[in-house]
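The values are calculated or read from the model by the stated rules, or taken from the named source; none is laboratory data. Keep in mind that this is a model prediction, so the values were computed, not measured. No Cβ is skipped: glycine too gets one built from the backbone with ideal geometry, and neighbour counts run over all protein chains shown.
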């Protein structure tokens, strides 16, 4: 029942979180070796939270989808056994 | 019962909706952070800070992605609830579906009728008679061609049917003693014309009856 759009959305949220973690170093508004600025701390914290949540939700959705497929396969096998 | 009191089949939908909502909140926070934390510009009249640009761009993208994900999870969950019979369609939606099904059925019937009968409406009697004449004229010509000459003796139609030869299979399955129906004489042009006139009269009468 879970469509691909929903799963892709979870993956996109994970990607955005990873980008936020990397952004201070990629865009160089956090100098290396210097004390972290407020913007860097905020971006890394929000990005980490988003990445963890997105990855967890993606895995939960995939696990649920696999569970549904197993349930459908079991129901189909029972129906065929009953027909025989 | 699943983790945290959430049933197993529902857990994925709750997780998806929760993370999509979290993404929306994070997008709002990221949009406000440069203003709230005062790192929007390094100084008055100076260009925007790179962190502010990154946050605003990321917030816009995250907001759009989160909104789309939220809608996708809502649609998926509603579909699952309908499949399980928990969520029933409303009467208005059911009526709309039935009306749509009825419209499709009628359209298919009209299409099928158009394929089988290209000319819609009642048949034109004159056209039908013309087609009938076109069918009968070759038969009349053939009958004229096989008509015996004046010197040949025409077979008597009043004589009884001949008995089939012994052992031969009868041509028609008729009970014994049944008088045979005489075959129409070849070249019965007058009879054919009479049939056509009768058919024409019948069709005209039907047309008048329909007009009444």
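In this structure, does residue A:63 turn out to be within 16 Å of residue B:70 (Cβ to Cβ) and facing chain B (nearest Cβ under 9 Å)?
No.
Can we say residue A:36 is outside any helix (DSSP H, G or I) and more than 22 Å from residue B:6 (Cα to Cα)?
yes
For segment A:31-51, give me each residue that is over 17 Å from residue B:27 (Cβ atoms), surrounded by fewer than 18 Cβ atoms within 10 Å (Cβ to Cβ) and facing another protein chain (nearest Cβ under 10 Å).
Passing the criteria: A:37, A:38, A:41.
Condition first: more than 30 Å from residue B:197 (Cβ to Cβ) and within 30 Å of the chain's Cα centre (by Cα). Can you find one or more residues in segment B:53-75 that meet it?
Within segment B:53-75, one or more residues are more than 30 Å from residue B:197 (Cβ to Cβ) and within 30 Å of the chain's Cα centre (by Cα).
Being at pLDDT below 95 and at the interface with chain A (Cβ under 7 Å from one of its Cβ atoms) is the requirement here; does residue B:37 meet it?
yes
Among the residues of segment A:53-68, are any closer than 15 Å to residue B:58 by Cα and assigned to a helix (DSSP H, G or I)?
no
Any residue at all in segment A:22-29 that's in contact (Cβ under 8 Å) with a residue 60 or more places away in the chain, crowded, with 19+ Cβ neighbours inside 10 Å and at the interface with chain B (Cβ under 7 Å from one of its Cβ atoms)?
Scanning segment A:22-29 turns up no residue that is in contact (Cβ under 8 Å) with a residue 60 or more places away in the chain, crowded, with 19+ Cβ neighbours inside 10 Å and at the interface with chain B (Cβ under 7 Å from one of its Cβ atoms).
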